[in-house]
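The next block holds one structure in the form of C-alpha cells; read it before the comments.
The values are calculated or read from the model by the stated rules, or taken from the named source; none is laboratory data. What you see is a predicted model; the values in this text were computed from it and never measured. Quick reminder, even Gly has a Cβ in these numbers, built from the backbone with ideal geometry, and neighbours come from all protein chains shown. Just the protein is used for accessible areas: all its heavy atoms, side chains included, with ligands, DNA and RNA removed. Shrake-Rupley method; radii C 1.70, N 1.55, O 1.52, S 1.80 Å.
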Amino acid sequence: MSDVPLPGGPSFGGYIWALKAGTTNTAQTIQSIGGALLVTTAGSSSADQGIATVATATAQSSLVLKATPGNFYGANATSTAAGYLMLFDATSAPADGTVTPKKVWAVAANGSFSVAYDLPLVMAVGVTLVFSSTGPFTKTAATCFMSGEAI
C-alpha cells in the first residue's frame, strides 16, 4: 500500500489515505482512535533502518563521513587538547590556514563534544569533519577521536 490520496473513505487533512488502521509503512503505524488517525513512528532494530557511524580508529586530524552529496546527522569528538571540531561541505579536509567551515564547535581539553540533528544539514559536495587547534576561521591540524553520521 502507499500513502497517496485515494477516492472514498475518511478524509484527513484534505486527503484520503490508502493505509488502513493497524498497517505499517516505513516504520510508521496508523491507528484509528476515536475517529481520528494516529500516526506513530517506531524505532527499528533492522540494519537497513538506521544510520551507520563512521569513526576514526586512532587519533586523526580529519574524518570523511561521506565523499558525495548527502545529509549530516551528527558528530562526536574527544580530545586531550582543547580545539575546534569543524564541519566542511567537502570531500576532503582543507589545507591548514584560513577556512570557512559550515559549523564549528569548541572542544575542551580532556573533554568530549557531541551534536545530533533530527532534521539533517544538507551538504552539497560531501561531509568532512576536521579537528583544529585554532579556529573558528583558521585551521591548524590537530588530532582527536572523531565519529559521525551522514547519509
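Across segment 103-124, a minimum of one residue is classified as without any contact (Cβ under 8 Å) to a residue 12 or more places away in the chain and among the aliphatic types (A, V, I, L, M).
Anything in segment 122-146 that is open to solvent by 10 Å² or more (accessible area, probe 1.4 Å) and over 15 Å from Val104 (Cα atoms)? List them, or say none. Lay out the reasoning, then the answer.
Of all residues in segment 122-146, those open to solvent by 10 Å² or more (accessible area, probe 1.4 Å) come to 122, 124-125, 133-143, 145.
The answer is Val122, Ala124, Val125, Thr143, Phe145.
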